[in-house]
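The values are calculated or read from the model by the stated rules, or taken from the named source; none is laboratory data. What you see is a predicted model; the values in this text were computed from it and never measured. Heads up, the Cβs are rebuilt from the backbone with ideal geometry, glycines too, and the neighbour counts pull from every protein chain shown.
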Amino acid sequence: MIVGKDLYISEGIVDKLELFYELHKSATLNLTNIKDRDQFYCKHYLDSVYYFHLLEVERSVRYFKASDKLADIGSGGGFPGIVIAICYPELKVTLIESIRKKCDFLNEAITELGLQNVTVINDRVENIKGKKFNYITARGVAKVDKVLSHTEKVLSNKFKIILYKGEMLEDELKEASATISYRGLNIEVTRVEEMFKRSYCVISGDISK
């Protein structure tokens with residue numbers, strides 16, 4: 001199945017994506033203003049996994065390994081966290097959301113979708129102790145500087161933070177430049193203009209050095 005230009009989704013996960021869309025349509029809690037199916041698939045599903053797809057095409061290898069652990073901060077309606085979990089069932093995904101009603105929806109969706117690789121934490125990421133992740137995702141949650149500050153204690157030695165950003169990314173990176181320099185972090189930005197507009201900002205580091 002094709003979900004947007006050049007992105008092919010195996011038939012094995014099509015049913016789960018469609019069911020997740022239906023769960024959003026019937027939800028009493030308004031988690032997204034996008035109800036049109038084509039727009040939903042493009043601006044939520046495609047956006048959630050497109051960056052990983054681009055690198056997979058380039059490298060001819062799956063982006064995530066089975067040993068990887070990913071935390072999605074401010075998961076809201078499950079974007080990108082649940083979509084990533086559906087498309088990468090080998091990946092262990094933790095959805096971190098501070099609003100209880102949104103967590104209730106996420107837990108319901110996980111049950112309905114039969115996802116065995118996802119857990120939900122009803123809290124703020126800066127309050128979490130005793131957990132480490134080598135991948136962090138955040139879509140429309142906070143500015144770069146705040147994300148770096150709030151996630152510092154949950155990062156594995158080697159990590160990547162994938163931020164889904166809009167037009168203000170350059171300004172945010174300038175504001176965070178002192179933190180980025182002090183911690184010796186690497187920045188990579190991939191800009192998408194077709195289908196939807198998105199800047200994927202990937203911040204990587206190795207704190208074992």
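So, in region 9-67, how many residues would count as being small (Gly, Ala, Ser) and not in a loop (DSSP other than H, G, I, E, B)?
Step one: of region 9-67, the residues small (Gly, Ala, Ser) are 10, 12, 26-27, 48, 60, 66-67.
Now narrow it down to the ones that are not in a loop (DSSP other than H, G, I, E, B): 12, 26, 48.
The number of residues fulfilling the criteria is 3.
Working carefully through the options ASN134, ASN107, find the one that is surrounded by fewer than 20 Cβ atoms within 10 Å (Cβ to Cβ), in contact (Cβ under 8 Å) with a residue 60 or more places away in the chain and not in a loop (DSSP other than H, G, I, E, B). Give the derivation first.
Values: ASN107 fails: in contact (Cβ under 8 Å) with a residue 60 or more places away in the chain.
Answer to the check: ASN134.
For residues that are within 18 Å of the chain's Cα centre (by Cα) and assigned to a loop (DSSP other than H, G, I, E, B), tally how many sit in region 137-177.
Total meeting the criteria: 5.
Of all residues in region 152-209, count the ones that are aliphatic (A, V, I, L, M), without any contact (Cβ under 8 Å) to a residue 12 or more places away in the chain and closer than 19 Å to TYR135 by Cβ.
Looking only at that region, the number is 0.
I'd like the residue in region 68-103 that is touching a residue at least 60 places away in the same chain (Cβ under 8 Å) and part of a helix (DSSP H, G or I) and, out of all such residues, is farthest from HIS44 (Cα to Cα).
That would be LYS101.
Any residue at all in region 143-160 that's crowded, with 19+ Cβ neighbours inside 10 Å, within 27 Å of ALA66 (Cα to Cα), at pLDDT 95 or above and touching an Asp or Glu at 6+ places or on another chain (Cβ under 7 Å)? Even if it seems obvious, please write down each step before you answer.
First pass over region 143-160, keeping only residues crowded, with 19+ Cβ neighbours inside 10 Å: 144, 147-148, 150-151, 154-155, 159-160.
If we keep only those that are within 27 Å of ALA66 (Cα to Cα) as well, we get 147-148, 150-151, 154-155, 159-160.
Now restrict to residues that are at pLDDT 95 or above: 147-148, 150-151, 154-155, 159-160.
Cutting the leftovers down to touching an Asp or Glu at 6+ places or on another chain (Cβ under 7 Å) gives us 150.
Yes, because at least one residue in region 143-160 is crowded, with 19+ Cβ neighbours inside 10 Å, within 27 Å of ALA66 (Cα to Cα), at pLDDT 95 or above and touching an Asp or Glu at 6+ places or on another chain (Cβ under 7 Å).
Can GLY76 be described as surrounded by fewer than 17 Cβ atoms within 10 Å (Cβ to Cβ), over 26 Å from TYR182 (Cβ atoms), of a type in the set (Gly, Ala, Ser) and modelled with pLDDT of 95 or more? Show your work before the answer.
Numbers: surrounded by fewer than 17 Cβ atoms within 10 Å (Cβ to Cβ): no; over 26 Å from TYR182 (Cβ atoms): yes; of a type in the set (Gly, Ala, Ser): yes; modelled with pLDDT of 95 or more: yes.
Considered against the rule, which asks whether it is surrounded by fewer than 17 Cβ atoms within 10 Å (Cβ to Cβ), over 26 Å from TYR182 (Cβ atoms), of a type in the set (Gly, Ala, Ser) and modelled with pLDDT of 95 or more, GLY76 comes out as no.
Before we move on, is LEU155 in contact with a Lys or Arg (Cβ under 9 Å, 6 or more places away or on another chain) and either of a type in the set (Phe, Trp, Tyr) or closer than 11 Å to ILE203 by Cβ (or both)?
Values: in contact with a Lys or Arg (Cβ under 9 Å, 6 or more places away or on another chain): yes; either of a type in the set (Phe, Trp, Tyr) or closer than 11 Å to ILE203 by Cβ (or both): yes.
It is true that LEU155 is in contact with a Lys or Arg (Cβ under 9 Å, 6 or more places away or on another chain) and either of a type in the set (Phe, Trp, Tyr) or closer than 11 Å to ILE203 by Cβ (or both).
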